[in-house]
Amino acid sequence: RASIEDEEGRPDAQTRRVMKAVILIGGLDILRPLTLSLPQPLIEFCNKTLLMHQLEALKAAGVNDVVLCVHEKTLPKSWNQVVARYETELAIRIQCSIETTSLGTAGPLKLAEKLVTNDGSSEEPFFVLNGDVLCSFPLRDMIHVHMKHKGIGTLMTVRVDQPSNYGVVVGDDPSGKIEHFVNRPETFVSNLINAGLYIFNPSIFSRFPPAGEKASMNAVLPQFVLDEELYHFESKGYWVKMTDVRTFLSAVGPQLEMMSLLHSNALAPKSGPTLPANTQLVGNVLIDPSAVIGEDCKIGPDVVIGPNCVLGDGVRMESTTLFSGVMVDGHAVVQDSVVGWKTHIGSWSWITSSVLAEDVNVKLGTLVNGATVLPHKELVTSVRQPQIII
């Protein structure tokens, strides 16, 4: 249960809520070529799937009932088994609302109305999360704000340097009431944007387009602003929207920094029985316990090494994520790159600013600069200029 406390910090029995949440996954397929092997929610970020990051945050906020809005084309054969495993691990209920055609960001929410409201019997507020967003998830703070202002909805906002690609919010009122909402403005309005996390009351469903119609959340929200029913909560914490593999990689550093502050024991220790004495870790590094690290390596900062990876002697690595089963042979250098499952990087190779998908084989001494390599490819000659290898 997610409980709201009174001003003295005591639980307020009248405002106790059993909260549900909706995660809008839809047909997300923006992390190519990684999503050629797995759907985006099951891509691992810092050794945990993107979906699990969100589910754990919801669980910590007191949510125990989650609806996943997914498009049927994104579902692998193992989807039901994955959902069942997450239900067991987190002790929550997970239901799926399946889209057969693309419905935007508001359309899937309307489609899931009966699951969210228990066929119309529930009037409790619920969370909505965009499936491509990761952040510090200040969900309990959002609950407090929402219960205080009594509006129809509360959206999380953040400040960014380039707001023109987002829904932009003007809301300087101390109460948090949103005064203006402009989707993708052509001129500067504000640097405060819709961050893709919401709390809504079920009454919002009566204001959505009919079920089955495509609708964008940024197109629906302005009407609530005009009716003075929409509020915002500005988050000062870390936030990222996964628009491509570059943003995926740029988010690793902030995520590891947050882990170092909140869960420092999850990061790799600078020394210990699992690391050779002459191997050096620099900055924040996350290493799965099953990985094997060779002698005289220098790893970090902002490196993630997944399960069953093997690094040979003398490897140099920074600002890089290795998915499970990657082999990096001796004296290879890997920088600013994402390396997919079961990929093999030969000795003395140099990989920089590249994305290697599943089962790529980079031969000994190969230079790979700025390449995007699709699954099951073999690189025998160097790639000196950015290009896609298909």
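The values are calculated or read from the model by the stated rules, or taken from the named source; none is laboratory data. Bear in mind that the values here come from a model prediction, so they are computed numbers and not experimental data. Here Cβ is always computed from backbone atoms with ideal geometry, including for glycine, and neighbour counts include all displayed protein chains. The area values use the complete protein model at the heavy-atom level, side chains included, leaving out ligands, DNA and RNA. Shrake-Rupley method; radii C 1.70, N 1.55, O 1.52, S 1.80 Å.
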* Rh (Kirkwood; distinct C-alpha pairs) - the range 305-390, Å -> 12.0
* Helical contribution to [θ] at 222 nm, DSSP H n ≥ 4, -39,500 (n - 2.57), averaged over the chain, rounded to 500 -> -5500 deg cm²/dmol
* To do: Just the number, please: Stokes-Einstein D of the range 197-248 in µm²/s, Kirkwood Rh from C-alpha pairs, 20 °C, 1.002 mPa s.
  => 156
* **Environment charge at Pro307 (Cβ cut-off 14 Å; Lys +1, Arg +1, Asp -1, Glu -1)** => 0
* To do: Report Trp350's accessible area, 1.4 Å probe, all protein chains in place, as a number in Å² to the nearest 10.
  => 120
* Structure fact -> Relative contact order of the range 32-137 (C-alpha contacts under 8 Å, at least 6 apart) in percent is 26
* **Solvent exposure, largest accessible area first (probe 1.4 Å, DNA, RNA and ligands not counted), of Glu234, Glu89** => Glu89, Glu234
* Sorting Thr274, Thr343, Thr35 by accessible area (1.4 Å probe), largest first, what list results? -> Thr274, Thr35, Thr343
* Rounded percent of accessible protein surface that carbon and sulfur make up, the chain, 1.4 Å probe -> 49
* To do: Could you tally the net charge around Met317, taking each other residue with its Cβ under 11 Å from the Cβ of Met317, Lys/Arg +1 and Asp/Glu -1?
  => -1
* In whole Å, how far is the Cα centre of the range 127-145 from that of the range 272-344? -> 32
* To do: Would you please name the trypsin sites (Lys or Arg not before Pro) within the range 321-390 that are DSSP coil residues with at most 16 other C-beta atoms within 10 Å of their C-beta?
  => Lys363, Arg384
* Accessible surface of Tyr231 - all protein chains present, 1.4 Å probe, nearest 10 Å² -> 30
* Cut-off 12 Å between beta-carbons: net charge of the residues surrounding Asn361, Lys and Arg +1, Asp and Glu -1 -> -1
* To do: Compute the semi-axes of the equivalent ellipsoid of the range 238-372, taking the square root of 5 times each eigenvalue of the Cα gyration tensor, and list them largest first in whole Å.
  => 21, 19, 12
* Among the GluC sites (Glu not before Pro) in the range 270-374, which ones are in a DSSP loop with at most 16 other Cβ atoms within 10 Å of the Cβ? Mind listing them? => Glu295
* **Spatial separation of Cα centroids for the range 98-121 and the range 185-199, in angstrom** => 24
* Asked: Taking a probe of 1.4 Å, how large is the accessible area per residue of the chain, in Å²?
  -> 45
* **5 Å binning of all Cα-Cα separations within the range 159-231, expressed as whole percents from 0 upward** => 3, 15, 26, 25, 18, 9, 4, 0
* Asked: Average projected area of the Cα convex hull of the chain, in nm²?
  -> 20.5
* Using the alpha-carbon centroid of each, what span in Å lies between the range 345-363 and the range 241-256? -> 20
